[in-house]
Structures are given as C-alpha cells and as structure tokens.
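Below is one structure, written out as structure tokens; comments come after it.
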Amino acid sequence: MARLANAKGWAALLLVVLLVLFVGPRERRQSAYLEGYVYQRCSGERLVGPVEAAIVSTSVDATTARTDINGHF
C-alpha cells in the first residue's frame, strides 16, 4: 500500500512539472511595423524602376504586403 501511495506522489509531481513546462508562461509576441521599397535595380547610387504590385513577405509568419505604384510597402 505504501508503494502505491509513493507512486501516486511521484506521478502527481511529474504531472505538475509537465504542466509548468508546457503550459507555463509563454513569450508574448508583439507586432512590428515594417515598411520599405522594392526597385528593379540599383544603378550606381540610384534606385531605378519601382516595382508595382510586388508581394512582399517575411519568414516569420504568413503576413504579406503588396507594393504600390512607387514600390512602397
């Protein structure tokens, strides 16, 4: 009987540890604002040919943006 009580105690402790590890505090994500321009090429120090309607994305999530007539997103 003592072994059963001891096993239940260890099982309860294991459950608490697992709950703390997997359900405990999570990192809270914050939004970020990102903007820029897309150009066809760089000629010397000049940016040439803004790209309209290009789809810009990140590797972080599925968020995308489309450039306007000036290549701005």
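The values are calculated or read from the model by the stated rules, or taken from the named source; none is laboratory data. What you see is a predicted model; the values in this text were computed from it and never measured. Glycine gets a Cβ as well: all are built from the backbone with ideal geometry, and neighbour counts include every protein chain shown.
General observations
- Subset of region 13-44 [at pLDDT 90 or above and under 21 Å from the mean Cα position of the chain (by Cα)]: Glu35, Gly36
- For region 53-73, a residue qualifies if it is among the acidic types (Asp, Glu) and under 16 Å from Ser31 (Cβ atoms), and exactly one does: Asp61.
- Those residues of region 23-67 which are among the polar types (S, T, N, Q) and in a strand (DSSP E or B), in sequence order: Gln40, Ser43, Ser57, Thr64
- Taken together, the residues in region 45-59 that are at pLDDT below 90 and either surrounded by 14 or more Cβ atoms within 10 Å (Cβ to Cβ) or not acidic (Asp, Glu) (or both) amount to 2.
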